Amino acid sequence: MLTLTERATDHVRRLLERDGKSTGVAGLRVKVAGGGCSGMQYVLTFDDAAAEGDLVLEFHGIRVFVDGKSKLFLNGTQIDYDDGLMGQGFRFSNPNAKGSCGCGESFHV
């Protein structure tokens with residue numbers, strides 16, 4: 001389905017701790033929403049709990065929540081975190097994306 005690398009989970013853990021959220025309960029919500037220059041964009045937020053119907057995954061002690069609609073677009077996606085000289089942020093490797101915008105913030109299928 002969806003995977004997070006160890007670097008991504010380490011960064012999420014630091015952000016959760018910074019916000020005073022417990023990693024045993026709260027987690028990262030990964031969502032696909034309409035928007036961006038290519039039509040669809042990734043949205044990452046923190047949630048205190050899963051919603052009804054969510055797929056709940058766990059990677060290196062970090063819970064990840066994915067709603068049913070987003071699950072269709074995220075199958076096989078890997079999320080990594082890069083903090084290199086060319087910029088820092090989450091990087092999505094989505095085999096379902098047929099193309100993306102120049103900045104990599106949105107995609108189309």
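Each reported figure results from applying straightforward, stated rules to the coordinates on display, with no laboratory input. Quantities reported herein were computed from a predicted structural model and do not represent experimental measurements. Cβ placement follows ideal geometry from the backbone for every residue including glycine, while neighbour counts extend to all protein chains displayed.
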Can you name every residue in the range 48-77 that is assigned to a loop (DSSP other than H, G, I, E, B) and of a type in the set (A, V, I, L, M)? Ala49, Ala50, Ala51
Here's a check for you: in the range 57-88, which residue that is of a type in the set (Gly, Ala, Ser) and surrounded by fewer than 15 Cβ atoms within 10 Å (Cβ to Cβ) is farthest from Gln41 (Cα to Cα)? Gly61
Condition test on Met40, is it within 14 Å of Thr77 (Cα to Cα) and either among the acidic types (Asp, Glu) or touching a residue at least 24 places away in the same chain (Cβ under 8 Å) (or both)? no
Restricting to the range 1-59, name every residue that is of a type in the set (Asp, Glu), within 20 Å of Asp83 (Cα to Cα) and in contact with a Lys or Arg (Cβ under 6 Å, 6 or more places away or on another chain). none
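Okay, residues lined up against (1) closer than 19 Å to Val109 by Cβ; (2) touching an Asp or Glu at 6+ places or on another chain (Cβ under 9 Å); (3) of a type in the set (Lys, Arg):
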{"residue": "Leu2", "(1), (2), (3)": "yes, no, no"}
{"residue": "Arg7", "(1), (2), (3)": "no, yes, yes"}
{"residue": "Ala26", "(1), (2), (3)": "no, yes, no"}
{"residue": "Asp48", "(1), (2), (3)": "no, no, no"}
{"residue": "Gly68", "(1), (2), (3)": "yes, yes, no"}
{"residue": "Asn96", "(1), (2), (3)": "yes, no, no"}
